[in-house]
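Before any comments, here is the structure.
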Amino acid sequence: MSKVINISNAKIYQAKKLVIDNVWLSIEQGEFVYLIGKTGSGKSSLLKTLYAEIPLLEGEGLVSDYNLRRLSNAEIPFLRRKIGIVFQDFQLLMDRSVIQNLYFVLGATGWTDKALIHKRALSVLQLVGVEQKANDFPHALSGGEQQRVSIARALLNQPQLLLADEPTGNLDPETSEEIMQLLLAVAKEENTAILMATHDMAMVTKFKGRIIRVEEGELKEDSSN
């Protein structure tokens, strides 16, 4: 299996403040990994470093074969095409339909053929089980349906890595379970590595995966799951 993330001897900063020291992190294709820790422990800062919103200033870091230390501004969009990102608050464009949200992302990432754009958008909506909502606007969808659409959006460019930042944070327990089952299926069927930051220990307990804990300013592997 090839490594999608390989970080060694790194330091993670947020606004010039060191938040995680001595970071060693390796994740392979198809692997499902939880990132857990208290609010403010640096989970989101680590995710932002992986998709180059925060620069990696110390240590070594490869994400989908892109070197985070040597990444130019021109390369960042190409790195992000290899990464899907799912947020807690969905971040859908409310003035467009579900499928238009997907058209927008495909157009912004270099797709030009309208027939192929439509075909790809429909296929990811089918993958996450909301193809029947294609022409609805996000405000007409439930929270779980909106999160399914945001997962579909994250999968448009067949990423090697999906980063999920509290993806069940705004959902009720039953819907959270559905989203977890969907993410685990994506990891298995699409061979996508998933790194999920979460506070939701009920989900961590119920759905098995590797656990990385942010504790006392460092990453620690948890062997309890």
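Recomputing Cα extents along the principal axes in Å from the coordinates shown identifies the correct label among [x] 53, 42, 30; [y] 47, 40, 34; [z] 55, 44, 37 as [y].
So which of K38/K206; K43/K82; K3/K119 end up more than 24 Å apart, counting from Cα to Cα?
On the way: K38/K206 20 Å; K43/K82 20 Å; K3/K119 30 Å.
The pairs that break the limit, which is 24 Å between Cα atoms, are K3/K119.
Relative contact order for the chain: what is it in percent, counting Cα pairs under 8 Å that are at least 6 residues apart? Intermediate results must be reported in sequence, preceding the final value.
Numbers: 421 pairs, mean separation 65.2, N = 225.
29 percent.
Estimated from helices alone, the mean residue ellipticity of the chain at 222 nm is -10000 deg cm²/dmol (sum of -39500 (n - 2.57) over DSSP H runs with n ≥ 4, per residue). Largest GNM mean-square fluctuation among N135, N157, N67, using the chain with Cα springs under 10 Å: N135. Centroid-to-centroid, using Cα positions, the range 59-105 and the range 165-225 are 20 Å apart.
Computed from the coordinates by the stated procedures, all read-outs in this text should not be read as laboratory data. What you see is a predicted model; the values in this text were computed from it and never measured.
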